[in-house]
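Take a look at the structure below.
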Amino acid sequence: MKKIGILTSGGDAPGMNAAIWAAVKRARSYDMTVLGVQDGYRGLLERRVEDLTNRDLSDIMHRGGTFLGTARCLEMLTEEGRSRAVHNIHDYGIEGLIVIGGDGSFRGAEILSERGVPTVGLPGTIDNDLAYTDYSIGFDTACNTAIGEIMKIKDTMTSHDRVAVIEVMGRHCGDIALTVSLAVAADYVLLPEVSYETEYDIDNLSHFLLNIKKQGRDSSLIIMAEGVNWNEKNRAEILMNRLTERTGLDIRATVLGHTQRGGPPSAFDSRIAILMGVRAVELLKEGMGNRVVGIIENRIVDINIKQALDMPPRFNEELYGMARMLSLS
């Protein structure tokens with residue numbers, strides 16, 4: 001294999017650039033040419049593909065986001081779009097493709113593999129919602145970013161005897177919320193994996209906050225994932241208003257939003273991104289496609305892409321139970 005392509009797709013994640021950097025460096029050690037695809041599958045369909053040069057690689061290692069760009073591409077859901085993608089890959093002489101992204105990106109990679117294009121996927125998503133790997137690229141950085149912002153909010157909430165409701169990212173997976181809640185010693189955490197009855201659970205949470213106040217502490221911290229299933233927008237603000245009505249406490253809501261996606265990757269994310277990028281190129285060099293790379297028990301592994309996508313979502317109930325126990329103690 002002498003020419004490979006690389007693209008980033010779906011939501012951006014810190015460490016994507018590090019994975020690209022490592023993949024290109026490893027490919028060059030094999031005298032392979034690497035083509036970068038701009039804006040994911042959309043750029044592939046629109047033929048926005050170019051050689052990656054030393055200039056492209058300079059100073060990208062520690063930058064957040066993805067210098068290749070990323071975008072949604074509904075055309076990849078159509079037969080015409082998929083056929084055009086395969087045609088363009090062959091037309092550019094690309095013999096193997098590295099796709100960095102999440103679940104949707106991997107499904108596109110699986111389709112290309114089924115049509116004869118050796119494809120390797122790298123898990124690039126801050127949500128950490130791919131069941132086959134312990135960690136995805138960007139998750140650790142997103143948690144660290146959220147922790148830094150939450151601790152700032154916690155300082156001012158404590159100074160004013162206020163309750164903070166803070167919403168973090170995680171539409172279908174609560175790993176960020178759960179990890180962060182433990183790290184900042186939150187009093188309560190709300191996750192999309194746990195079913196809530198709006199009024200019942202808000203009443204319970206109200207009693208919980210009032211009990212904390214009776215114990216002599218006026219400031220509390222609630223962490224919630226954006227995917228908590230109340231089928232309403234502005235969940236943090238709604239929760240703040242309902243808790244205020246029931247408790248009379250001074251409560252403020254904050255949505256951290258896209259700050260969690262940005263910034264340079266942590267040392268951990270850089271490390272796994274580099275190791276995964278190298279493994280992806282080595283797999284393609286060996287003629288292996290239809291694979292995804294991950295990390296399990298601190299070892300870089302690769303498995304069949306269909307097997308990875310078929311794994312059911314995982315939820316660490318033991319860790320969740322620990323978080324609840326520590327908040328109630």
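Looking across 107, 72, one residue alone is over 23 Å from residue 27 (Cα atoms) and in contact with a Leu (Cβ under 8 Å, 6 or more places away or on another chain). It is 107.
Among the residues making up the range 26-56, those that are under 23 Å from the mean Cα position of the chain (by Cα) and not in a loop (DSSP other than H, G, I, E, B) are 36, 37, 40, 41, 42, 43, 44. For the structure I just gave you, tell me whether residue 78 is free of Cβ contacts under 8 Å to residues at least 40 places away in the same chain and either in contact with a Phe, Trp or Tyr (Cβ under 8 Å, 6 or more places away or on another chain) or polar (S, T, N, Q) (or both). Criteria met by residue 78. Evaluated against (1) touching a Gly at 6+ places or on another chain (Cβ under 6 Å); (2) over 23 Å from residue 172 (Cα atoms), residue 277 falls short on exactly one condition, (1). Looking only at residues in the range 77-103 that are in contact with a helix residue (DSSP H, G or I) (Cβ under 9 Å, 6 or more places away or on another chain) and under 30 Å from residue 180 (Cα atoms), the one that is surrounded by the fewest Cβ atoms within 10 Å (Cβ to Cβ) is 103. Against the definition (surrounded by fewer than 23 Cβ atoms within 10 Å (Cβ to Cβ) and either assigned by TED's automatic domain parsing to the domain that holds residue 76 or outside any helix (DSSP H, G or I) (or both)), how does residue 109 come out, yes or no? No; evaluated as a whole, the condition is false for this residue. Filtered by the rule that a residue be at pLDDT 90 or above, surrounded by fewer than 16 Cβ atoms within 10 Å (Cβ to Cβ) and under 19 Å from residue 173 (Cα atoms), the range 220-261 gives 257, 258, 259. The condition of being under 30 Å from residue 297 (Cα atoms), touching a residue at least 12 places away in the same chain (Cβ under 8 Å) and not aliphatic (A, V, I, L, M) holds for only one of 69, 116, 93, 104, that being 104. Scanning the range 151-172 for residues that are in contact (Cβ under 8 Å) with a residue 12 or more places away in the chain and either among the hydroxyl-bearing types (Ser, Thr, Tyr) or in contact with a Phe, Trp or Tyr (Cβ under 8 Å, 6 or more places away or on another chain) (or both) yields one hit, 158. The combined condition, being more than 19 Å from the chain's Cα centre (by Cα) and surrounded by fewer than 16 Cβ atoms within 10 Å (Cβ to Cβ), is not fulfilled by residue 316. Within the set 216, 170, the sole residue that is surrounded by fewer than 22 Cβ atoms within 10 Å (Cβ to Cβ), outside any helix (DSSP H, G or I) and either more than 27 Å from the chain's Cα centre (by Cα) or at pLDDT below 95 (or both) turns out to be 216.
Being out of contact with any Asp or Glu (no Cβ under 6 Å at 6 or more places or on another chain), β-branched (Val, Ile, Thr) and in a helix (DSSP H, G or I), is that true of even one residue in the range 11-25? There is at least one residue in the range 11-25 that is out of contact with any Asp or Glu (no Cβ under 6 Å at 6 or more places or on another chain), β-branched (Val, Ile, Thr) and in a helix (DSSP H, G or I).
Whenever a residue of the range 243-259 is among the small types (Gly, Ala, Ser), its partners that are surrounded by 13 or more Cβ atoms within 10 Å (Cβ to Cβ), lying with C-beta atoms within less than 6 angstrom and at least six residues away or across chains, give the pairs 253/165; 253/236; 253/237; 253/240. Among the numbered conditions (1) modelled with pLDDT of 95 or more; (2) surrounded by fewer than 18 Cβ atoms within 10 Å (Cβ to Cβ); (3) in a loop (DSSP other than H, G, I, E, B), the only one that residue 62 does not meet is (1).
The values are calculated or read from the model by the stated rules, or taken from the named source; none is laboratory data. Please read these numbers as outputs of a predicted model, since none were measured by experiment. For neighbour counting, all protein chains shown are included, and Cβ atoms are generated from backbone atoms with ideal geometry for every residue, glycine included.
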